[in-house]
Each structure stands twice: as structure tokens, then as C-alpha cells.
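Taking it in order: structure first as C-alpha cells, then the write-up.
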Amino acid sequence: MDLHGGPAEHPLSRLEWRAMTAADLDAVAAIAAVGFPDHFEGRDCFENRLALNPAGCFVLAGETEPPQGYLVAYPWTADAAPALNTLIPAIPDEAAVMYLHDLAIDPSVRGGGWSRPIVERLAQDARAAGWPALTLVAVNDAAPFWERHGFAVVDAPGMADKLAGYGEGARYMVRRLTA
């Protein structure tokens, strides 16, 4: 309680999205292990994505606290998705969309509205860079969550085999950024 009569400050209110750094990678891998236990991706995978596209890698953290969430995105081929837990040597020359690889929030801070600001920032940045769409693969029955962020399920040709590697119920989704 604030002794000065104002509202008490909640510790989560100090969290904000910032650029990911190499120092965040252990925390990011730990959050991923909790958020996606059936879709393992190691620290080296996140290190790889950070090196490929640092402008698309963010963490949700306080000034002195470790990250409580992360988002990773990078340019990719339309109607495609990289295999899980694989290193990518380079952004594909035929990249045509911004691929949202991962968004995870630690269970202790879920439900605080943290996803909307970073997804909207990603959409704004991608649109400004000329990308026509954001794409992703929804796992763990998350398609309704992503629909609330403007994504729609798309039956992309040739994606059935790739989606099988993401588990039952995986859905390829697209959010158009152009009118």
C-alpha cells in the first residue's frame, strides 16, 4: 500500500518490451521450455535467430529483473515455416513475409495484456519495412489467441508435412499488413 494515498504500484507494471541481447538468451530458453514443453528449441536456436535478425527479437523485462517473456521474428519465405530447433544459415533470398517464430510469456505474468503491444509493434515495424504480412505456426491450440491478434488460418500448399512436425493441431496463420 502506498502511504501517500495513491494506488500501490504493482511490480509487474515495471515490465516493458525491449530489444533482446545475448545476455537474455538463458532466460529466453528457460521461458521457452516452460511455454513449449512439447516443442523443444535450445538456446542455440534463439542465439541463431538473434544473430540473423536482432531487430525482430524482444524480451519483456524489468530494469533489474530477468526476462519474463520474449518474441522472435525474422523474414521468411511465404507459405513456409522452418523446422523446429534447427539453425538457419541465413535469411532466405526469397523471403517475402515476416515470420513470427515465437511469443512466450512466463506463466507468472500471463494475462497482463503483454502480448498485444509487442505484436502490434512487430506489425508496425514489418509494415514500415515493406513486408506485406506476418505469418506464424500456431501450436498448443493457440489459433483462437492469434485470431484475436488479427491472424487467420490459411491452408498453404505443401504445408501439411511441415505442420506435422509442429504437433497435432498446428495451424499456419497469416496477418495481412497491406490494405
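The values are calculated or read from the model by the stated rules, or taken from the named source; none is laboratory data. In this text, all values refer to a predicted model and were calculated from it rather than measured experimentally. Cβ coordinates were reconstructed from backbone atoms using ideal geometry, including for glycine residues, and neighbour counts include every protein chain displayed. Ligands, DNA and RNA are excluded from the accessible area calculation, which covers all protein heavy atoms including side chains. Shrake-Rupley method; radii C 1.70, N 1.55, O 1.52, S 1.80 Å.
Could you tell me which residue of segment 142-170 is nearest to His39 (Cα to Cα), considering only residues that are in contact with a helix residue (DSSP H, G or I) (Cβ under 7 Å, 6 or more places away or on another chain) and at pLDDT 95 or above? Among them, the one singled out is Val153.
Looking only at residues in segment 65-90 that are touching an Asp or Glu at 6+ places or on another chain (Cβ under 8 Å) and not in a loop (DSSP other than H, G, I, E, B), the one that is surrounded by the most Cβ atoms within 10 Å (Cβ to Cβ) is Tyr70.
Scanning segment 91-115 for residues that are out of contact with any helix residue (DSSP H, G or I) (no Cβ under 7 Å at 6 or more places or on another chain), at pLDDT 95 or above, more than 20 Å from Val154 (Cα to Cα) and not in a loop (DSSP other than H, G, I, E, B) returns a single hit, Ser115. Hey, does segment 36-47 have a residue that's closer than 13 Å to Ala104 by Cα, modelled with pLDDT of 95 or more and not acidic (Asp, Glu)? Within segment 36-47, one or more residues are closer than 13 Å to Ala104 by Cα, modelled with pLDDT of 95 or more and not acidic (Asp, Glu). Taking segment 91-136 as the range and being under 24 Å from Ala27 (Cα atoms), in contact with an Asp or Glu (Cβ under 9 Å, 6 or more places away or on another chain) and among the polar types (S, T, N, Q) as the test, no residue passes. Checked against (1) free of Cβ contacts under 8 Å to residues at least 60 places away in the same chain; (2) under 17 Å from the mean Cα position of the chain (by Cα), Ala104 passes all but a single condition, namely (1). Within segment 35-64, if we keep just the residues that are under 23 Å from Asp141 (Cβ atoms) and touching a strand residue (DSSP E or B) at 6+ places or on another chain (Cβ under 8 Å), the residue that is most open to solvent (accessible area, probe 1.4 Å) turns out to be Phe36.
Residues in segment 128-141 that are outside any helix (DSSP H, G or I) and modelled with pLDDT of 95 or more: Ala129, Gly130, Trp131, Pro132, Ala133, Leu134, Thr135, Leu136, Val137, Ala138.
Against the definition (open to solvent by 30 Å² or more (accessible area, probe 1.4 Å), of a type outside the set (S, T, N, Q) and in a loop (DSSP other than H, G, I, E, B)), how does Asp125 come out, yes or no? Quick ask: steps written out before the conclusion?
Working: open to solvent by 30 Å² or more (accessible area, probe 1.4 Å): yes; of a type outside the set (S, T, N, Q): yes; in a loop (DSSP other than H, G, I, E, B): no.
Criteria not met by Asp125.
Starting from residues that are aromatic (Phe, Trp, Tyr) and open to solvent by less than 50 Å² (accessible area, probe 1.4 Å), keep the ones in segment 136-156 and report whichever is farthest from the chain's Cα centre (by Cα). Across segment 136-156, the extreme among qualifying residues is Phe151.
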